[in-house]
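Everything on this sheet refers to the single structure shown next.
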Amino acid sequence: MTNQRSNSPTSSSHQEKIRSLFSARKMALMASVVTGLGIAVSGLSPSSGSFDIFTSPAHAEVSNALSSATQPAGFADMVERVKPSVISVKVTMKEKSADAGNKSDDDESSSPMERFFRRFGGPDGVPQNPDREGRHGGMMGQGSGFFISADGYAVTNNHVVDGADKIEVTTDAGKTYTAKVIGTDGRTDVALIKVEGGSDFPFARLSEGKARIGDWVLAIGNPFGLGGTVTAGIVSASGRDIGSGPYDDFIQIDAPVNKGNSGGPAFNMQGEVVGVNTAIYSPSGGNVGVAFSIPAATVKSVIAQLKDKGSVSRGWIGVQIQPVTQDIADSMGLKQAEGALVADPQKDGPAAKAGVEAGDVITAVNGQSVKDARELARIIGGFAPGSTAKLDVLHKGKSKVVSLTLGQLPNAQEAKADIEADGKGSTHGTDVPRLGMTVAPAGRVDGAGKEGVVVTKVEPKSAAADRGLKTGDVILEVAGKSVSNPDDVREALEGARTDKKSSVLMRLRSGDASHYVAVPLANG
C-alpha cells in the first residue's frame, strides 16, 4: 500500500519548502559569521544552483532579525533629548586679567584651581596667550555650560567666568543671550550664572546617584569654540585627587574633552548630569583620554548655596591634619593605615574645645568612615557652619566619640607644612644616636620659640634625612611625650627601643605648621 501523502504534490511542495527554509537559515548563519569578520556578503552566485538569501521574500524576516540583533545601540535618541540644554559660553575680560598669566605657581592670592592650571597647561575658558585680544579689546575666552532650570540658571566652571566683564551664551538652537554671574566657588571650580531673556529654556537634571566605574558617559560642549560637540566614553575612575585643592574628588572619564569643554556636562545613559567637565591631563595640550569632572553631588551642594547667597560657607573644626601612613600606623600600633591624624588642633577651635588633641586619629564623622585626611576635609566642608557633628576618635589607642558644633571655614589659606625655619642663632647641638641629627633646646636658637628642641644639623643619607627632617625643624613630642631638651629625646627613643618598636613617632613644627613623622629606630 503506497503512502498517498508522500507522493502527493502538496506534500512534495511542503517538504521542498522545509528544505529551502533549512538551507536559507544555514546560509544566513554562515553569512552572519562571515560578516562578523568584516567581509561584505551580498548573495550567492546563480551558477551555484542556490539563490540570494537576502532578497528572498520568504527569508526577509530572518535577515532583518539578524541585522537588528548585531547593530550596536546608539546614543542619538538620548543626545536629541539633552543636547538643547547645553550652552557655549563666551567671556570678555579687561586687560588686567592678563596679569593672571604672570602669577607664579605659589601665589597664594589665587585659587587652588588657578594655580593648578598655571602649572599644568592653562584653563580651558581663558586663552593661554595673554596678548590675544577680542574685537573690542580685552581678553576673549570660550567655555561650556548647561541650563539647570527653565528660567535661565546655568552651571559652568569658575575658571571660565572668573574676571569676566561680559558673558554671552549661545544655545544649541543658535540664539545668543547675555548672562551674569550669580556666584562662584574657587575651591570646587563651580560657577552659577543667570541667562537673561527667556523663561522656557530646556534644562538638564543633576543625577541623584553616584557614577560607577565602567558606566557610559557623553560629554557635550564647546571644544575649541566649535560648539555643540558630542563625545562618548566611560567612567574610568572616581575619587581622583589632581592636586587642585583640598576638596578634590573628581570623576575621571575617557570621553574626548578638549579646551573649551570646561563647564560642560557629562551625561549618563539616563540623560542626567553626573559631572561637570573641568580639567584634562594633557602633556601636549590635546586630548589623551584622561579628563576630570566635578561630581553631581558636589555641584548640587555648591549651586544651592550660590543661588541662595552668592557664596559658599563650609564647616570647619579647626585642626591641622595629615594622612596616616603605614609607618605612622606601625608607630602608633594601629591595625590599618586609615583615618586623619590630628597634627595640631587650633586653640579655641571647635575640635580643641571638644577635647580633640594632637596625636588623635579621626576615623569617622556621623558614622561615615574617614579613609584619609583629604576625605575628612571633604566631609567636614560639606556641612554648613553651625551643624553638629560626632567624631569617632582614637585617643592614645582607645576609641571615643566627641560631639562638636562646626565653625565656618576662614577665607585665609592654611599655613603650609613645609615652610623652613631660618635656623638663625646657635648651631651647636647634641647628637641624637643613630638618627643622624643634632638638636638643641628651642630657647637657645633665635626664632625657634620656647617649646621643644630644634634640629641644628641633619646628616645626609641618615634616618632623619630620609624622613624629611631638616635644620630649623622643632621637635615637640617623641613617642607621645613632650620634649624640651636633648636628654628628653634620648630617653623617649630608648623607651621606644625597650618596647621593641621599629619606629618612633615625632611631632614636629615647621614654620607655623605642625605634623608627625615616623622615624625608624636603628638596632644597637
May I ask you to list the residues in the stretch 445-470 that are open to solvent by 70 Å² or more (accessible area, probe 1.4 Å), modelled with pLDDT of 70 or more and outside any strand (DSSP E or B)? K450, E451, E459, P460, K461, D466, R467
Assess whether V478 counts as being modelled with pLDDT of 85 or more, touching a strand residue (DSSP E or B) at 6+ places or on another chain (Cβ under 7 Å) and open to solvent by less than 60 Å² (accessible area, probe 1.4 Å). yes
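Every residue, every condition in (1) crowded, with 18+ Cβ neighbours inside 10 Å; (2) over 28 Å from the mean Cα position of the chain (by Cα), yes or no:
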site	(1), (2)
L341	yes, no
D344	yes, no
E357	no, yes
V370	yes, no
L404	yes, yes
Reported set for the stretch 296-318 where residues are part of a helix (DSSP H, G or I) and either open to solvent by less than 20 Å² (accessible area, probe 1.4 Å) or touching a residue at least 24 places away in the same chain (Cβ under 8 Å) (or both) is A296, A297, T298, V299, K300, S301, V302, I303, Q305, L306, K307, K309
Among residues of the stretch 197-211, those that are surrounded by fewer than 17 Cβ atoms within 10 Å (Cβ to Cβ) and either touching a Ser or Thr at 6+ places or on another chain (Cβ under 8 Å) or β-branched (V, I, T) (or both), counted: 3
When A329 is run through (1) farther than 19 Å from P246 by Cβ; (2) hydrophobic (A, V, I, L, M, F, W, C); (3) open to solvent by 10 Å² or more (accessible area, probe 1.4 Å), the failure sits at (3)
For residues that are open to solvent by 20 Å² or more (accessible area, probe 1.4 Å) and over 26 Å from the mean Cα position of the chain (by Cα), scanning just the stretch 173-193, find the one that is nearest to S244 (Cα to Cα). K180
In this structure, is V230 assigned to a strand (DSSP E or B), open to solvent by 40 Å² or more (accessible area, probe 1.4 Å) and at pLDDT 95 or above? yes
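To keep it simple, each residue is scored yes or no on (1) closer than 25 Å to F250 by Cα; (2) of a type outside the set (V, I, T); (3) in a strand (DSSP E or B); (4) touching an Asp or Glu at 6+ places or on another chain (Cβ under 7 Å).
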{"position": "Q320", "(1), (2), (3), (4)": "yes, yes, yes, yes"}
{"position": "I328", "(1), (2), (3), (4)": "no, no, no, no"}
{"position": "K335", "(1), (2), (3), (4)": "no, yes, no, no"}
{"position": "A343", "(1), (2), (3), (4)": "no, yes, yes, no"}
{"position": "A364", "(1), (2), (3), (4)": "yes, yes, yes, yes"}
{"position": "F383", "(1), (2), (3), (4)": "yes, yes, no, no"}
Across the stretch 143-182, what is the number of residues that are among the aliphatic types (A, V, I, L, M) and not in a strand (DSSP E or B)? 6
Kindly indicate whether F267 is touching a residue at least 12 places away in the same chain (Cβ under 8 Å) and open to solvent by less than 10 Å² (accessible area, probe 1.4 Å). yes
Cβ contacts < 9 Å: first residue in a loop (DSSP other than H, G, I, E, B), restricted to the stretch 391-410; second residue among the polar types (S, T, N, Q) and open to solvent by 70 Å² or more (accessible area, probe 1.4 Å), any location; separation 6+ or different chain. Result? L406/T388
Go through (1) in a strand (DSSP E or B); (2) open to solvent by 10 Å² or more (accessible area, probe 1.4 Å); (3) within 29 Å of A211 (Cβ to Cβ); (4) of a type outside the set (A, V, I, L, M) and name the single condition G275 misses. (2)
Only residues that are within 16 Å of S207 (Cα to Cα) and either open to solvent by less than 10 Å² (accessible area, probe 1.4 Å) or in contact with a Pro (Cβ under 8 Å, 6 or more places away or on another chain) (or both): list them for the stretch 146-155, please. F146, F147, A154, V155
Quick one: would you say R467 is of a type in the set (K, R) and under 19 Å from A513 (Cα atoms)? yes
Quick one: is S293 surrounded by 15 or more Cβ atoms within 10 Å (Cβ to Cβ), assigned to a strand (DSSP E or B) and in contact with a Gly (Cβ under 7 Å, 6 or more places away or on another chain)? yes
Going through the stretch 175-184 one residue at a time, which ones are over 14 Å from V302 (Cβ atoms) and either modelled with pLDDT under 95 or polar (S, T, N, Q) (or both)? T176, T178
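The values are calculated or read from the model by the stated rules, or taken from the named source; none is laboratory data. Treat the numbers as computed from the prediction; the structure is a model and nothing was measured. Cβ sites come from the backbone with ideal geometry, for glycine too, and all protein chains shown count toward neighbours. We work out accessible area using only protein heavy atoms, side chains counted, and drop any ligands, DNA or RNA first. Shrake-Rupley method; radii C 1.70, N 1.55, O 1.52, S 1.80 Å.
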